[in-house]
Amino acid sequence: MKFLLFSLLSVLLFTAPYAAGATVKKPLSEVLPLLFAIKGDAIELGNGPTDVYAFIDPRCPHSRDFVGMITESDKMQRRYHYYFFLYAHPMFKSGAVINAIYNAPRPKEAMLDYMLRRSALPKLNRLTPPAIHVKVTRIRKAAEQIGVDKRPYLILDKKKQP
């Protein structure tokens, strides 16, 4: 059932750009170099042969549902390798949350705790560390070039790239 839901979500996300007034997505050949440039900034989950790049907002309910579905399904984690990029949607004002997650000692656990268990994040007692600011900026620039316009925003790459 979860696989069916994921498949349906994927189809909708890939066909939505062709709706009236929507922008057309860039071809994968143009998007992959942008993704490879920020791959090291991703929070990873799963170990399957198909890469899924997901731009998510930790405060977005749809992103939370998507991450929850993946973490509950061993099958989804065996089938796909997820690269999560935390990218704030203007509606949710998630900048401080994203900075706190990336600044956590274990960002993956901090992301899952916040998104799925609604755990509080440690507050940054100082300005955002420069390395976190650089990471968030790199992700934002790539997302803008790709045309990320919703959360979660998924890109599938069935072939493993070097």
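The values are calculated or read from the model by the stated rules, or taken from the named source; none is laboratory data. Nothing here was measured: the structure is a model prediction, and the numbers come from that model. Positions of Cβ are generated from backbone atoms using ideal geometry, with glycine treated the same way; all protein chains shown enter the neighbour counts. Ligands, DNA and RNA are stripped out before the accessible areas are found, and what is left, the full protein with its side chains, is counted by its heavy atoms. Shrake-Rupley method; radii C 1.70, N 1.55, O 1.52, S 1.80 Å.
Can you tell me how many residues within the range 20-46 are in contact with a helix residue (DSSP H, G or I) (Cβ under 7 Å, 6 or more places away or on another chain) and over 16 Å from ILE155 (Cβ atoms)?
Matching residues across the range 20-46 total 1.
Within the set of pairs 6 or more residues apart or between chains, which connect a residue that is more than 12 Å from LYS141 (Cα to Cα) inside the range 28-39 to a residue that is open to solvent by less than 40 Å² (accessible area, probe 1.4 Å) with Cβ atoms less than 8 Å apart?
LEU28/ILE155; LEU28/ASP157; VAL31/ILE146; VAL31/ILE155; LEU32/ASP157; LYS39/TYR83
For the range 20-72, enumerate the residues that are of a type in the set (D, E, K, R) and open to solvent by 20 Å² or more (accessible area, probe 1.4 Å).
Residues satisfying the conditions are LYS25, LYS26, GLU30, LYS39, GLU44, ARG59, ARG64, ASP65, GLU72.
Considering only residues that are within 17 Å of ILE146 (Cα to Cα), of a type outside the set (A, V, I, L, M) and not in a helix (DSSP H, G or I), look in the range 2-60 and name the one that is modelled with the lowest pLDDT.
THR23
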